[in-house]
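Encoded as structure tokens, the structure appears first; notes follow it.
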Amino acid sequence: MEYKSFAEIPYYTDCEPVVSGLGYSLVELRIFRTNGTVQVKIAIAHKDSSITAGIGTEDCAKVHRLLLPRLEALLQSQDIYMEVTSPGLERNIKNAAEFVFFTGRYVKLYDVSVSDWVSGKITTADGTSLTIKTEDTERNIPYGQISKAKLLNT
């Protein structure tokens, strides 16, 4: 699985402080232009991973209200379609950098070194690997050994 630093994602460093100031983490930011409009897709999670309540429509609306004017200025467009969502209960992890947001959550991943699925609770994650606590042990798995990963609703 590829690790792409959030600093490499266009406009992430411009949007992250706004989202963080509201008490959320910016998990995903995708911006693309189609048919003369700008489409923005955002996923947010609670900054404090110990909060068990999910992200609701009020949370998404709060981020949308504050972030839209900033994106209109940054992208120099008034024609922006923005969608703000939660990461979902069983999110497919797209970028290994996302693991840091889900410390304390359960994950299922395909480890190519053992050619099998491994499940456990994320205890730590950094720029090169993550550590998960399985039923019998704690394992450190480099991102290069992970081909797929998914959050579990546990």
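Every number here is computed from the coordinates shown, using simple stated rules; none is lab data. All values derive from a computational prediction rather than experimental measurement. Every residue, glycine among them, receives a Cβ derived from its backbone with ideal geometry; neighbour counts consider all protein chains shown.
Considering only segment 1-16, state which residues are closer than 21 Å to residue 81 by Cα and part of a helix (DSSP H, G or I). Correct list: 12, 13, 14, 15, 16. Scanning segment 57-99 for residues that are basic (Lys, Arg) and over 16 Å from residue 12 (Cβ atoms) gives 62, 65, 91.
Which residues, taken from segment 93-108, are closer than 11 Å to residue 150 by Cβ, out of contact with any Asp or Glu (no Cβ under 8 Å at 6 or more places or on another chain) and in contact (Cβ under 8 Å) with a residue 60 or more places away in the chain? Answer for segment 93-108, where residues must be closer than 11 Å to residue 150 by Cβ, out of contact with any Asp or Glu (no Cβ under 8 Å at 6 or more places or on another chain) and in contact (Cβ under 8 Å) with a residue 60 or more places away in the chain: just 93. The strands (runs of 3 or more DSSP E) found entirely in segment 51-154 that carry 2 or more residues being surrounded by 14 or more Cβ atoms within 10 Å (Cβ to Cβ) and not β-branched (Val, Ile, Thr) are 106-111, 116-125, 129-133, 138-142, 146-151.
Among the numbered conditions (1) farther than 19 Å from residue 14 by Cα; (2) surrounded by 11 or more Cβ atoms within 10 Å (Cβ to Cβ), the only one that residue 48 does not meet is (2).
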